[in-house]
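Please read the structure below before turning to the comments.
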Amino acid sequence: MAHEVVLIPGDGIGPEITSAMRRVVDATGVAIEWDVRDAGAGVMEAYGTPLPQHVLDAVGRAKVAIKGPVTTPIGTGFRSVNVALRKHFDLYACVRPCLSQPGDGSRYEGVDIVIVRENTEDLYAGIEFDEGAAEVAALSELVSASGQKAFRPDSAISVKPISIEGSRRIVEYAFEYARRCGRRKVTAVHKANIMKATDGLFLRVAREVAQRYPDIAFEDKIVDATCMGLVQNPADFDVLVLPNLYGDIVSDLGAGLVGGLGMAPGSNIGADIAVFEPTHGSAPDIAGKDIANPTAEILSAAMMLDHVGEQEAAERIRRAVRAVLAEGTAVTGDVRRAQTGSARGAVGTQAYADAVIASLRAEA
Ligand code: ATP
């Protein structure tokens, strides 16, 4: 029976990289019934929202979706369509593997880390008050009454909620992932020395959860030291679990270790729904030019195939991508530029996908 998968092409480079991804997935022979649904700026006029109800309904039905990046039009009531989708389905775990591949154009070799980012809380909760809002004055009074130093009255405020339950489930997810995937260590990343309440809670819960997994090593590390450690010696790290904002930032750092944003896949996982998408955004500067690197989207599809029980096809895709990058003649401009300082000789998005498909077929 075919797997039903919702495909949200998105905008910017989304349509190009998702069409490349779809061709690669179809070339594996796995039967997928693609339910293509548009979201983002392009549907605003028709539906009055960048995230129409029928898209949510389709994802809720299929339980599996893969998307390209979606730009959030300004003034829609959404801070981010991507974040809204994660929140709607409570996709609390964002998993982003960063794995070196020969020929990826990175300065590093042998990087193999997995970033597990909390996806629903923290400064991404969307609780914000503009400078001058009545709530800012009320908050100021609360802070003064609590005996803490008042903030300036012309401040804007973003609220950072970190809960016991939100922290527990993401750290448990990281340990379960580590166990399932044969990983050796989980590092909890925080800034508890400064944010003693919020990050302190995250750290305390992480330590409690770690005690239940004696077979997996555990350490905690302050986020700034983590960034330095990742750049100096990424081999010191294995699975990292982070609150939302640090997870966002360290994800791009991780992508940079393995060749850049065009290489870094990802997934957003909830209790029974999973949405796969690359780490990068819609890259409007290179949209519509057939130059974007679809690797991150293609590797996100491999994660999606793992999720639906098609591990063999997922591995075939990963092997084909590895072979094409290692061979090195059919690579996109970002990779070529990282390797040689110039994009000269690079191939386009679709030609790269053709090379991946040819490699898949040659192996079969
Ligand atoms: P967001 O905030 O939505 O994550 P962003 O502002 O961080 O987006 P991205 O769209 O992720 O920006 O990308 C930043 C830059 O990296 C792009 O402008 C583009 O030049 C490059 N880039 C991103 N993705 C790719 C890709 N798949 N292939 C090639 N270059 C890319």
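Of all residues being under 11 Å from the mean Cα position of the chain (by Cα) and open to solvent by 20 Å² or more (accessible area, probe 1.4 Å) in the stretch 257-278, which is nearest to residue 244 (Cα to Cα)? Just the residue, please. My answer is 269.
With respect to residue 103, is the statement that it is in contact (Cβ under 8 Å) with a residue 24 or more places away in the chain, out of contact with any strand residue (DSSP E or B) (no Cβ under 7 Å at 6 or more places or on another chain) and not in a helix (DSSP H, G or I) true? Please lay out each step first, then the result.
Values: in contact (Cβ under 8 Å) with a residue 24 or more places away in the chain: yes; out of contact with any strand residue (DSSP E or B) (no Cβ under 7 Å at 6 or more places or on another chain): yes; not in a helix (DSSP H, G or I): yes.
Answer is yes for this residue.
Looking at (1) within 16 Å of the ligand (Cβ to nearest atom); (2) in contact (Cβ under 8 Å) with a residue 24 or more places away in the chain; (3) open to solvent by 60 Å² or more (accessible area, probe 1.4 Å), which is the one condition that is false for residue 319? So residue 319 meets the others, but not (1). Number of residues in the stretch 199-211 that are surrounded by fewer than 21 Cβ atoms within 10 Å (Cβ to Cβ) and within 23 Å of the chain's Cα centre (by Cα) equals 0.
Inclusion of residue 286 among residues that are within 16 Å of the ligand (Cβ to nearest atom) and modelled with pLDDT of 95 or more is warranted.
The single condition from (1) part of a helix (DSSP H, G or I); (2) under 30 Å from residue 34 (Cα atoms) that residue 142 fails is (2). Of all residues in the stretch 57-82, those satisfying the criterion of being within 23 Å of residue 302 (Cα to Cα) and not basic (Lys, Arg) are 58, 59, 60, 62, 64, 65, 66, 68, 69, 70, 82. Sub-7 Å Cβ pairs linking a first residue in the stretch 17-31 that is farther than 16 Å from residue 361 by Cβ to a second residue that is crowded, with 21+ Cβ neighbours inside 10 Å and β-branched (Val, Ile, Thr), at least 6 apart or interchain, are 17/349; 21/298, ordered by first then second residue.
Looking at residue 39, is it among the aliphatic types (A, V, I, L, M) and in a helix (DSSP H, G or I)? It is false that residue 39 is among the aliphatic types (A, V, I, L, M) and in a helix (DSSP H, G or I).
Take the residues in the stretch 69-95 that are in a loop (DSSP other than H, G, I, E, B) and touching a residue at least 40 places away in the same chain (Cβ under 8 Å), then tell me which one is surrounded by the most Cβ atoms within 10 Å (Cβ to Cβ).
Going residue by residue through the stretch 69-95, those that are in a loop (DSSP other than H, G, I, E, B) are 69-80, 89-92.
The next check asks that each one be touching a residue at least 40 places away in the same chain (Cβ under 8 Å); those that pass are 69-71, 79, 89-92.
Numbers: 69: 27, 70: 29, 71: 21, 79: 12, 89: 21, 90: 14, 91: 21, 92: 22.
Ranking the qualifying residues of the stretch 69-95, first place goes to 70.
Filtering the stretch 16-33 to residues that are assigned to a strand (DSSP E or B) and surrounded by fewer than 17 Cβ atoms within 10 Å (Cβ to Cβ) leaves only 33.
Of the residues 55, 36, 83, only one is within 23 Å of residue 280 (Cβ to Cβ) and within 13 Å of the ligand (Cβ to nearest atom); which? Spell out the reasoning first.
On the way: 55 fails: within 13 Å of the ligand (Cβ to nearest atom); 36 fails: within 13 Å of the ligand (Cβ to nearest atom).
Answer to the check: 83.
Within the stretch 44-68, the set of residues being modelled with pLDDT under 95 and either open to solvent by less than 20 Å² (accessible area, probe 1.4 Å) or under 19 Å from the mean Cα position of the chain (by Cα) (or both) comprises 50, 51, 52. Each residue in the stretch 331-349 was checked for being near the ligand (Cβ under 10 Å from one of its atoms), open to solvent by 50 Å² or more (accessible area, probe 1.4 Å) and among the hydrophobic types (A, V, I, L, M, F, W, C), and 0 pass.
Has the stretch 298-305 got at least one residue that is among the small types (Gly, Ala, Ser), open to solvent by less than 40 Å² (accessible area, probe 1.4 Å), outside any helix (DSSP H, G or I) and within 16 Å of the ligand (Cβ to nearest atom)? Can you show your working first?
Just the residues of the stretch 298-305 that are among the small types (Gly, Ala, Ser), to begin with: 300-302.
Okay, now just the ones that are also open to solvent by less than 40 Å² (accessible area, probe 1.4 Å), so 300-302.
With the extra rule that they be outside any helix (DSSP H, G or I), the set shrinks to none.
Checked the stretch 298-305: no residue is among the small types (Gly, Ala, Ser), open to solvent by less than 40 Å² (accessible area, probe 1.4 Å), outside any helix (DSSP H, G or I) and within 16 Å of the ligand (Cβ to nearest atom).
Scanning the stretch 175-197 for residues that are out of contact with any Phe, Trp or Tyr (no Cβ under 6 Å at 6 or more places or on another chain) and touching a residue at least 60 places away in the same chain (Cβ under 8 Å), we see that the one that is least open to solvent (accessible area, probe 1.4 Å) is 178.
The values are calculated or read from the model by the stated rules, or taken from the named source; none is laboratory data. Every value quoted in this text rests on a predicted model; they were computed, and no experiment measured them. FYI the Cβ positions are ideal-geometry reconstructions off the backbone, even for glycines, and counts take in every protein chain you see. These accessible areas exclude ligands, DNA and RNA; they are computed on the full protein's heavy atoms, side chains included. Shrake-Rupley method; radii C 1.70, N 1.55, O 1.52, S 1.80 Å.
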